[in-house]
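Engineer: Here's a structure for you.
Read-outs: derived from the displayed coordinates by stated rules, not from any lab. Remember, it's a predicted structure, so these values are computed and weren't measured experimentally. Note that we place each Cβ from the backbone using ideal geometry, even for glycine, and neighbour counts take in every protein chain shown.
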Amino acid sequence: MSTAPCTLRELLLYFLRLGALGFGGPIALAGYMQRDLVERRRWIAKEEYVEGLALAQLAPGPLAAQLAIYLGWVRARVLGATLVAAAFILPSFVMVLALSWLYVRYGGLPWMRGAFYGVGAAVITIIGRSVWKLVRLTLVRDWLLWAVFAVNAVVTGWTERESVWVFALSGALVLLVRAPPRAAPAALGVGPAWLWTGLFGVASSDTLGKLVVYFAEAGAFVFGSGLAIVPFLRGGVVEELHWLTDQQFLDAVAVAMITPGPVVITVAFIGYLVAGPLGATLAAVGVFLPCYLFVVIPAPYFRRLAGNRAVKAFVDGVTAAATGAICGAAFVLGQRALVDWPTVVLGGATLALMLLFKKLPEPLLIVAAGAAGCAIKGLG
């Protein structure tokens with residue numbers, strides 16, 4: 001099937017709208033792109049879409065953002081990839097900035113504490129449901145991937161943090177079992193102070209530097225789903241760096257889920273709490289720059305790598321490890337979110353609604369849980 005002509009402006013307007021209105025997480029966003037760009041408008045050939053989806057799954061980085069960047073590259077090479085990345089990410093980033101400001105400005109008000117009391121229970125349930133979907137999508141009946149998943153889930157749940165090295169070893173294990181190498185494989189401070197003022201006052205230059213480095217490291221190890229970044233972030237910003245409490249971290253995940261666009265935009269909320277608008281910007285740049293580079297650099301050569309058994313085996317192992325880590329992180333965060341009977345009931349109600357109404361938007365569930373939390377705290 002031949003493709004229809006499309007200007008770069010038209011493509012950018014599409015991704016700007018998708019970034020502003022696209023709810024449902026990475027799988028849903030990828031589905032919207034296939035429906036709109038391949039089937040309805042025929043701006044992208046089916047083969048090009050499939051190649052982009054394969055690259056997004058193989059390379060570290062949030063799936064939906066990388067797929068969008070690749071489709072931009074298909075139409076206008078590096079310029080197209082760069083502008084599409086900005087158009088897709090910018091709307092949700094602006095929304096998160098606004099929510100971050102409200103959170104810092106009014107976070108102490110009883111209604112906001114009540115809202116996030118209810119939201120936390122709903123978010124944990126939604127994460128648990130997402131883990132189940134990821135398990136069905138990525139593990140199937142492969143005993144090796146199930147073993148990698150289980151080990152990572154237990155390690156993350158037991159230690160309450162994850163390790164990049166465990167992820168890498170998981171990928172290497174699957175690589176060695178599925179595609180044992182015959183030989184050594186190829187190595188694959190200026191401006192007003194409010195700009196970097198967060199919850200705890202003006203951030204130091206050292207903190208700003210750590211923000212960029214830490215989120216760039218996290219962005220380089222997110223395979224398949226934006227939720228894979230959750231265990232990485234919690235281990236760093238809560239346990240290691242002590243930037244946020246568990247409740248504040250849960251609030252950050254909630255903010256990402258009630259805004260459209262890529263889930264990993266939660267990093268902007270965290271960056272804002274630590275170091276204001278500048279911190280939000282540095283965190284977003286840090287986490288999205290690796291995924292941009294992982295698309296733009298290999299894109300011209302990708303077709304030669306797409307079918308490589310060793311590459312596929314390594315990524316399958318890392319994806320299974322990431323899914324297990326998400327499961328472990330959900331268990332850890334669940335202990336902080338489901339703290340009493342009302343939160344347990346809210347979590348159960350959220351799950352029941354998701355099972356009864358398959359197409360019920362997740363942001364609607366989160367807003368409803370927040371309203372219920374306000375009511376419960378008000379009654380209390």
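Engineer: With each label point set 7 Å from Cα along the Cα-Cβ vector, what nm distance links Ala352 and Arg9?
Structural biologist: In this crude label model, Ala352 to Arg9 measures out at 5.3 nm.
Engineer: Which value in deg cm²/dmol, rounded to the nearest 500, describes the helix-derived mean residue ellipticity at 222 nm for the chain, given -39,500 (n - 2.57) per DSSP H run of n ≥ 4 and division by the residue count?
Structural biologist: -24500 deg cm²/dmol
Engineer: Another question, if that's okay. Can you compute the FRET efficiency between Arg77 and Glu39 using 1/(1 + (r/R0)^6), with r the Cβ-Cβ distance and R0 = 22 Å? Round to the nearest 0.05.
Structural biologist: Rounded to the nearest 0.05, the efficiency is 0.35.
Engineer: Go through region 310-325 residue by residue and turn each phi into a ³J(HN,Hα) via Karplus (6.51, -1.76, 1.60, θ = phi - 60°); whole Hz please, and just put x for glycine and proline.
Structural biologist: Rounded to whole hertz, the list is 5, 4, 4, 5, 4, 5, 4, x, 5, 5, 4, 5, 5, 5, x, 5.
Engineer: Right, next: What's the center-to-center distance, using Cα atoms, between region 282-360 and region 253-270 in Å?
Structural biologist: About 13 Å separates the Cα centre of region 282-360 from the one of region 253-270.
Engineer: Within the chain, count lysine pairs with alpha carbon atoms under 26 angstrom apart where the residues are 8 or more positions apart or belong to different chains.
Structural biologist: 6
Engineer: If each of Leu21 and Val344 carries a label point 7 Å out from its Cα toward its Cβ, how far apart are those two points in nm?
Structural biologist: Modelled inter-label distance: 4.2 nm.
Engineer: Computed from the coordinates I sent, volume of the Cα convex hull per residue in Å³ equals one of (1) 163; (2) 178; (3) 144. Tell me the label.
Structural biologist: This structure yields the entry labelled (3).
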